[in-house]
């Protein structure tokens, strides 16, 4: 019975493959995670549908490939279309990940509604909810077109047969961890089942030209549950960020074969579903205190969009032997590096101080351009100096204290001007690209000391 099969061992955590069982996985160093799987080794010959003769695949010249003008399909959700790179590409495989209850299923159900209203054929397949549960959630969202098709099924062979028969334009799979293939002996959600399920869905998407959205649950570390190869197989990976108990959600593209990566879309969770936030900078700065130290506005580029965020810092003398350092919304190690630069190059004594840095609004910023904002916020709190509300700062800081160039400086300054700021502190090396902008004061600095001297004068 096992004539054409061999036994291999897969790690349930990372997908590492081994020919023998081991107590500890060499890939992720986890213990007792290797499980036994039977893998088929028989070679199947591809046959054509007419004559039964093996088909020959021939290469195609690049100039012979034709693209239609209306290649992408719009979801009519502007923030989602932005993150996808301009709409849904036919035959694409999109993975949507996020914490439980953050709004993955709600957003995709809204996409189904908009696509069905525009005349597209949509099939929503759920392995977690009953038909009644889906209907209750749909009623909360709003009116739906009667052409939307719902299916509750987890067997991949049944799903494949229905898709080939119905030939929908778009398919939603909620979620990939509930799907199973009968040829795989392991339980749904295991490494083997997730990998095989994704492979089948990829064949459906590429072979039939169907756009497939896959919902993926995440682990406590924030990664999609299942093997890492899952993210490599799909065309686009979207992650929902934010606290599910808060109203705002951030949809981030971490991989996109059809558009720019690291694009974000901002949504607000309401009773009627997810609503777009057209101007994220405005809501990020809402509630900013006036006349307080340790607060400054910085600008970060998320994909092609400049976003203004408030950086808060609180520096105080430590009551413990080892000072505490906390960073929320940015890299903890980066904050420690900037504090070391301030201590060494500027002479501000921070070694015995507790420091807390926060990016207001619940958004995560890792771009080096916010270095100058973080440093000025720390200095402002340490010296109890109020930075004027109309000041915004951006720039990368090196280990020598120099303020280095950032990309797309002109767009950052224009965004600050549009939102009513009157002063921008930016790197000297960005002068050529920004000096033509009128109606806003530009303060060029080459060293972190120059920026600190400027805020001390204010």
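The values are calculated or read from the model by the stated rules, or taken from the named source; none is laboratory data. No experiment lies behind these values; they were computed from the predicted model shown. Quick reminder, even Gly has a Cβ in these numbers, built from the backbone with ideal geometry, and neighbours come from all protein chains shown.
For every residue, the table says whether it meets (1) within 17 Å of the chain's Cα centre (by Cα); (2) closer than 26 Å to residue 8 by Cβ; (3) at pLDDT 90 or above.
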position: 171; (1), (2), (3): no, no, yes
position: 186; (1), (2), (3): no, yes, no
position: 189; (1), (2), (3): no, yes, no
position: 195; (1), (2), (3): no, yes, no
position: 226; (1), (2), (3): no, yes, no
position: 235; (1), (2), (3): yes, no, yes
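Considering each residue of segment 185-206 in turn, none proves to be in a strand (DSSP E or B), in the same structural domain as residue 231 (by TED's automatic domain parsing) and in contact (Cβ under 8 Å) with a residue 12 or more places away in the chain. Within segment 254-274, can one find any residue that is surrounded by fewer than 18 Cβ atoms within 10 Å (Cβ to Cβ), farther than 20 Å from residue 425 by Cβ, in the same structural domain as residue 366 (by TED's automatic domain parsing) and in contact (Cβ under 8 Å) with a residue 40 or more places away in the chain? Scanning segment 254-274, I find no residue that is surrounded by fewer than 18 Cβ atoms within 10 Å (Cβ to Cβ), farther than 20 Å from residue 425 by Cβ, in the same structural domain as residue 366 (by TED's automatic domain parsing) and in contact (Cβ under 8 Å) with a residue 40 or more places away in the chain, so the answer is no. Kindly establish whether residue 334 is crowded, with 19+ Cβ neighbours inside 10 Å and in contact (Cβ under 8 Å) with a residue 24 or more places away in the chain. So residue 334 fails the test. From the list 417, 344, 383, the lone residue that is modelled with pLDDT under 95 and surrounded by 16 or more Cβ atoms within 10 Å (Cβ to Cβ) is 417. On the stretch given as segment 45-76, residues that are farther than 24 Å from residue 211 by Cα and at pLDDT 80 or above total 4. When you check residue 96 against the structure, is it outside any helix (DSSP H, G or I), over 16 Å from residue 248 (Cα atoms) and assigned by TED's automatic domain parsing to the domain that holds residue 174, yes or no? Yes, satisfied. When residue 124 is evaluated against the numbered criteria (1) on the phi > 0 side of the Ramachandran plot; (2) assigned to a strand (DSSP E or B), which criterion, by number, is the only one it fails? Checking residue 124 against (1) on the phi > 0 side of the Ramachandran plot; (2) assigned to a strand (DSSP E or B), the one that fails is (1).
With respect to residue 149, is the statement that it is closer than 23 Å to residue 243 by Cβ and either at pLDDT 90 or above or out of contact with any helix residue (DSSP H, G or I) (no Cβ under 8 Å at 6 or more places or on another chain) (or both) true? Criteria not met by residue 149.
Inspect all residues belonging to segment 10-21 and state whether any of them is modelled with pLDDT of 85 or more and surrounded by 14 or more Cβ atoms within 10 Å (Cβ to Cβ). Within segment 10-21, one or more residues are modelled with pLDDT of 85 or more and surrounded by 14 or more Cβ atoms within 10 Å (Cβ to Cβ).
Inside segment 165-184, residues that are surrounded by fewer than 17 Cβ atoms within 10 Å (Cβ to Cβ) and either assigned to a helix (DSSP H, G or I) or at positive phi (or both) make up a count of 3.
For segment 294-326, the set of residues classified as closer than 15 Å to residue 373 by Cβ and out of contact with any strand residue (DSSP E or B) (no Cβ under 9 Å at 6 or more places or on another chain) is empty.
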